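Structure first, then comments.
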Amino acid sequence: MIAVLATVALLLLIGWWAFPTLARITGFILTIFSLMQIAQHSETVLPGQLRWLGLGFALWLAGHWMWAFKNGCWASRIALRIFALPGLRFLIPRSTLVDTGGADSSG
């Protein structure tokens, strides 16, 4: 029983460590391949590839969100701009909401 719990804990730690990078890379590749398939064979693959395109984009965004949550900064400005949109603004991690130009910084 202890070995199972230790294995689960180890897998969770590895997932916590590796997920942001793997999700961003996998999501980017999935999005690019889906766009290439749609551009080459739009009549035959369009309904099925839209699901893969959405999955790749969502995975890419999830990886960026987890990176920002863990590190307190965004890995790309594109992700920051996407999360700053009105529908996604409430998902921004609090650790990235640093105001550097407030009233205390008078010069």
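Taken together, the values in this text are just the output of simple stated rules run on the coordinates, not laboratory data. Keep in mind that this is a model prediction, so the values were computed, not measured. Heads up, the Cβs are rebuilt from the backbone with ideal geometry, glycines too, and the neighbour counts pull from every protein chain shown.
Protection proxy ranking, highest mean first, for peptides 58-64, 29-35: 58-64, 29-35, where packing is the per-residue count of other beta-carbon atoms within 10 Å, averaged. Residue-wise HN-Hα couplings along segment 43-55, as the Karplus relation 6.51 cos²θ - 1.76 cosθ + 1.60 with θ = phi - 60° gives them from phi, are 6, 9, 10, 4, x, x, 6, 5, 5, 5, 5, x, 5 Hz; Gly and Pro carry x.
On alpha-carbon atoms, Rg over Rh for segment 2-93 using Kirkwood Rh?
On the way: Rg = 16.3 Å, Rh = 14.8 Å.
That ratio equals 1.10.
Mind jotting down the distance between the C-alpha centroids of segment 35-93 and segment 7-28, whole Å? One Cα centre to the other: 17 Å.
You can think of it this way: the chain between Leu11 and Phe28 has 3.7 nm of extra reach, that is 0.36 nm per residue less the Cα-Cα gap.
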